[in-house]
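Bear in mind that the values in this text are calculations on the coordinates, not laboratory data. Everything numeric here is computed off the predicted structure, so don't read it as measured data. As a convention, Cβ positions derive from the backbone with ideal geometry for all residues, glycine included, and neighbour counts pool all protein chains shown.
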Amino acid sequence: MKKKQQDLKRLLFNIASLVDLGQEVTSAKGIDEKMKTALYVVTGMFSVPKAGLFVYNADRHKLELVTCKGIKDADGTSIDVQTKYIKAFQKNTPYNISEARNNSFYERNAEAFRRLQAKTLIPLFAKDEFVGAICLGKRLSRTSYLHSEKDTLKVVASQMAITLHNSSLFKKIKNQVNENKKLYQNMRHIYHDTIQAFAAAIDAKDVYTRNHSYRVARYAVAVARELRWKAKEVEGIYIAGLLHDIGKLIIDKGLLNKGETLSAAEIQEIKRHPQISYDILSKIKFPWKDVVDFVKHHHERIDGTGYPDELKDPDLSDGVKILAVADAFDAMTTKRTYRKKLSLFDALREVNKCLGTQFDNRISKVFFKVLQKEIKGEIKEAQILPHLDKDFDPTIITTLLESITAELSY
Ligand SMILES: [Fe+2]
């Protein structure tokens with residue numbers, strides 16, 4: 001009767017401990033802390049003062065100590081485990097180390113087992129994967145484990161194995177994600193650097209258009225942001241701005257820099273550059289949509305008299321319209337071989353005069369609106385203003401911009 005009562009008491013204690021353990025391993029604590037507490041629960045259940053928990057390092061074929069109880073100077077302790085031993089282990093089943101004496105697994109690790117005063121080893125398996133082991137020292141109460149105790153240990157071991165497995169999987173996945181992120185960022189940098197280098201090469205061909213591509217890219221970004229384009233789309237039009245004149249690399253430098261009036265044939269030659277830009281860029285698989293389309297059509301006009309395809313309004317995308325106005329505005333506000341630069345006031349009036357024929361009404365007015373906001377200091381990262389000569393009267397320009405954009409809605 002007394003024994004039955006004792007057994008019942010022990011059973012209740014074990015159930016309570018298992019509940020504790022279940023709560024521990026599913027808690028939000030870090031894996032090291034979870035494993036430490038779990039080990040304390042196990043050693044408490046079976047009255048084992050010394051114990052260690054190991055995780056399996058498959059690259060080194062070693063069990064490496066994660067946490068221990070009651071053992072001094074155990075840091076760095078590891079146990080050699082060859083594949084043949086793993087195959088011989090019974091999953092999550094306690095293993096009497098003394099029975100292993102005289103076999104190579106014991107001999108190979110005799111020093112570690114002695115230091116840990118290990119009597120029992122429980123190999124931890126999550127499904128079929130060997131993930132670690134628990135080493136238990138001598139028990140205070142009795143030397144061996146009852147059948148029921150072994151069953152309880154098995155349950156405990158499977159719970160700890162799954163926790164370890166999930167955490168190592170998580171780490172692996174996290175590392176992989178971080179690695180991919182790094183690779184992607186590196187690639188992006190290389191990509192951007194290459195494109196910037198191309199833009200510099202394009203602008204270097206024409207002495208009067210230094211940084212033209214860069215400014216066009218910035219102006220285009222200003223409009224795209226004002227239109228609330230998504231970040232990736234904004235990046236796309238920035239790239240298109242940088243590369244829009246790449247075809248000029250093929251055009252004769254003498255022709256691009258020729259000061260006097262060009263012949264009809266020479267004009268035709270220069271007009272080839274958007275098509276050449278397209279031919280070059282269409283071979284590249286860009287991560288941004290429509291870059292090649294924007295580039296090819298940046299000299300198209302709303303009225304269909306542009307080039308190379310003489311496209312008319314409904315066939316022109318917003319990106320094309322943005323590049324067209326950004327490109328022309330920069331051409332007007334910088335000195336060219338064939339004419340002096342226009343003042344900001346005159347350039348804005350010129351764009352305004354060409355609304356509905358050369359430039360799109362809405363897109364150009366958005367451009368005016370951003371400039372207006374930048375002058376008023378309403379935009380954090382100004383994209384247009386920093387590139388303009390500062391010799392204009394802000395009041396006059398603002399009044400002009402306000403009158404042009406008075407009825408704008410977008
Ligand atoms: Fe161009």
Residue-normalised 222 nm signal for the chain, counting each DSSP H run of n ≥ 4 as -39,500 (n - 2.57), nearest 500 deg cm²/dmol, is -17500 deg cm²/dmol
For region 196-274 the trypsin sites (Lys or Arg not before Pro) that pass both the DSSP coil test and the at-most-10 other-Cβ-within-10 Å test are Arg228, Lys230
Once Asn180 and Ser343 are pulled to full extension, the length gained, defined as 0.36 nm per residue separation minus their Cα-Cα distance, is 53.8 nm
The chain: longest segment with zero exposed GluC sites (Glu not before Pro), where exposed means DSSP loop plus at most 12 other C-beta atoms within 10 Å, is residues 1-259
Once amide hydrogens are built 1.01 Å from N within the peptide plane, the residues lying 5 or more places from Phe359 or on another chain with amide H under 5 Å from its amide H are Ile302
Plugging the Cβ-Cβ distance of Asn361 and Lys205 into 1/(1 + (r/R0)^6) at R0 = 41 Å yields, to the nearest 0.05, a FRET efficiency of 0.80
Sorted by chain and then number, the residues having a modelled amide H within less than 5 Å of the amide H of Thr334, at least 5 places away or on another chain, are Leu342
Beyond 27 Å (Cα-Cα) in this structure, taken from Lys182/Lys285; Lys258/Lys283; Lys91/Lys138; Lys289/Lys321; Lys341/Lys376; Lys87/Lys182, we find Lys258/Lys283; Lys87/Lys182
Expected vector for region 316-328, Karplus 3J(HN,Hα) from phi with 6.51, -1.76, 1.60 and θ = phi - 60°, integer Hz, x for Gly and Pro, equals 9, 7, 4, x, 4, 5, 5, 4, 4, 6, 4, 5, 5
Among Asp193, Asp73, Asp315, the residue with the largest mean-square fluctuation in a Gaussian network model of the chain built from Cα contacts under 10 Å is Asp73
If the chain between His189 and Arg60 were fully extended at 0.36 nm per residue, the gain over the current Cα-Cα distance would be 42.9 nm
Treating only Lys and Arg (+1) and Asp and Glu (-1) as charged, each at its beta carbon, one finds that region 206-404 has a dipole about its Cα centre, in Debye to the nearest 20, of 420 debye
